[in-house]
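The values are calculated or read from the model by the stated rules, or taken from the named source; none is laboratory data. Everything numeric in this text was worked out from a predicted model, so none of it was measured. Backbone-built Cβ (ideal geometry, glycine too); neighbour counts: all protein chains shown.
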Amino acid sequence: KVDIITMSFGFPFKVREIENAIADANRGRRDAGQTEVVFFAAANNDGANSEELFPASHETVISVRGTDHTGAFINKFSPKPRPQKAGGLLYGTLGQNVPYNIGDAGVQASGCSVATPIMASIVAAIMQYVKYTGSLGEETRARLQTKEGVVQLLEHISEKEDAGNRRYVAPWMFFRWHDTERVAAIVYALSKLERHM
């Protein structure tokens, strides 16, 4: 049983087998009375030359873009979204010159495929924090563990990168707060989710 799946790949067209696997994973979890799997996928590394790739373009997947270490979105790693996601917030995290080999700090990698597991790790750390603090009820924890809950949390803990709809996510944006502030941030973010439903 996993809570998060990260996909550092993409296709310029919808792949039915992947779409079915995403739907089946969450249907099976719901039928068993369990929380959903939250999916993350790399947006694209071709900038404005092409749109967001599939499965990042899928409505149940959180699409991840790449930034530099200051949080500035890199055009090459920030494609335009597909029409079904147009107008929504676009999330990104470190995706440039990331140390890639523990034995050799000089080996680095860049791209949305690098940013995607970093974003998933940030969210996983927050989910673990929520689980172990015991400060939130089971229902609140379950709401956080949905795509919609994660998106609301990311909106609340991210920094607006520019005048547009791009938001930078880094772990210290959540963990810089004291415990009571962290819990309040989660409760507030999820209360916005309830108002949207």
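Working only within segment 77-133, note down all residues that are of a type in the set (Lys, Arg) and either touching a residue at least 40 places away in the same chain (Cβ under 8 Å) or under 18 Å from residue 144 (Cα atoms) (or both). 131, the sole residue that qualifies. In segment 64-76, of all residues being in contact (Cβ under 8 Å) with a residue 24 or more places away in the chain and of a type outside the set (A, V, I, L, M, F, W, C), the one that is surrounded by the most Cβ atoms within 10 Å (Cβ to Cβ) corresponds to 65. For segment 23-63, a residue qualifies if it is surrounded by fewer than 20 Cβ atoms within 10 Å (Cβ to Cβ) and within 16 Å of the chain's Cα centre (by Cα), and the qualifying residues are 36, 37, 59, 60. Of the residues making up segment 103-155, those that are among the β-branched types (Val, Ile, Thr) and closer than 18 Å to residue 62 by Cβ are 114, 116, 118, 122, 123, 126, 130, 146, 150, 151.
Any idea how many residues of segment 145-195 are touching a Ser or Thr at 6+ places or on another chain (Cβ under 6 Å) and farther than 22 Å from residue 40 by Cα? Residues in segment 145-195 being touching a Ser or Thr at 6+ places or on another chain (Cβ under 6 Å) and farther than 22 Å from residue 40 by Cα: 1 in total. Among the residues of segment 1-24, those identified as modelled with pLDDT under 95 and closer than 18 Å to residue 144 by Cβ are 1, 2, 3. The listed residues are 137, 149, and the only one of them that is surrounded by fewer than 17 Cβ atoms within 10 Å (Cβ to Cβ) and either among the small types (Gly, Ala, Ser) or in contact with a helix residue (DSSP H, G or I) (Cβ under 9 Å, 6 or more places away or on another chain) (or both) turns out to be 137. Each residue in segment 6-28 was checked for being touching a residue at least 24 places away in the same chain (Cβ under 8 Å) and within 17 Å of residue 124 (Cβ to Cβ), and 3 of them qualify. Restricting attention to segment 72-94 and to residues that are outside any strand (DSSP E or B) and under 18 Å from residue 117 (Cβ atoms), the residue that is farthest from the chain's Cα centre (by Cα) turns out to be 74. Filtering 124, 142 for residues that are under 28 Å from residue 30 (Cβ atoms) and at pLDDT below 90 leaves a single hit, 142.
Right, residue 187: among the hydrophobic types (A, V, I, L, M, F, W, C), crowded, with 17+ Cβ neighbours inside 10 Å and touching a residue at least 12 places away in the same chain (Cβ under 8 Å) or not?
So residue 187 does not fit the description; no.
Output the residues belonging to segment 52-85 that are closer than 16 Å to residue 154 by Cα and touching a helix residue (DSSP H, G or I) at 6+ places or on another chain (Cβ under 8 Å). If the condition is that a residue be closer than 16 Å to residue 154 by Cα and touching a helix residue (DSSP H, G or I) at 6+ places or on another chain (Cβ under 8 Å), then 60, 61, 62, 63, 64, 65, 66, 67 are the ones that fit.
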